Amino acid sequence: MPDGCLAYIPNFDEDRYGMMRLPGENRIVRTHLIAWELEYGPRKPGLIIRHSCDFKPCFELTHLLSGTIADNMQDRYEREGYITVRRTTQKERLAIYNDPRPQRIIAQEFGIDPSQVSRIKNHWKPGHDAIDREKH
C-alpha cells in the first residue's frame, strides 16, 4: 500500500475499488466516494473523484481530487504514457483473449489501454461477439 493511504480492503468491486454498505441503507458504495461526500458533500454533476495516489481502495481525503473524466485520463496518460481506446476487430479480440502474457504487455502491443484488455479477457467470449453481430 502506498505511503499515507487509508484503505478499506475487506470488500472491493471488479475494478478493485473499496466498497462498503452504508449504515441503514440497502446500497453499497465505493469507500472513496463515501469519504468525499462525508467531508465535502455530494459531487457536482459531471465530476468524478480521482486518486492522486493511484491506489483504488484508498479513501484518504488528502489523496482524493475532484475533476472530470478528461482530467483523470490526463493523469493516467502522465503516469503510463498512453491511453488509447479504440474498437478492436474480432480477430484482435480473439488474440487478446487467448494471450497469456501480462495485460500491460498485450495493451502495448495492440496500442490500447490495459483496461480494454481486461474487459476483453473478463467479459468477452469467443462466439458471443455482440459488436460483430450488430454489424450484420
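Here is how the numbers come out for the structure above:
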{"read-out": "Some residue of region 39-47 being outside the structural domain of Asn122 (by TED's automatic domain parsing), under 30 Å from Gln108 (Cα atoms) and touching a strand residue (DSSP E or B) at 6+ places or on another chain (Cβ under 6 Å)", "value": "yes"}
{"read-out": "Of all residues making up region 1-50, the number that are small (Gly, Ala, Ser) and closer than 20 Å to Met73 by Cα", "value": "1"}
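Residue by residue, here is whether (1) without any contact (Cβ under 8 Å) to a residue 12 or more places away in the chain; (2) touching a Phe, Trp or Tyr at 6+ places or on another chain (Cβ under 8 Å) holds:
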position	(1), (2)
Pro2	no, yes
Val29	yes, no
Thr62	no, no
Gln74	yes, no
Tyr77	yes, no
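The values are calculated or read from the model by the stated rules, or taken from the named source; none is laboratory data. The model shown is predicted, which means the values in this text are computed figures rather than measured ones. All Cβ positions, even for glycine, are placed from backbone atoms using ideal geometry, and neighbour counts span all protein chains on display.
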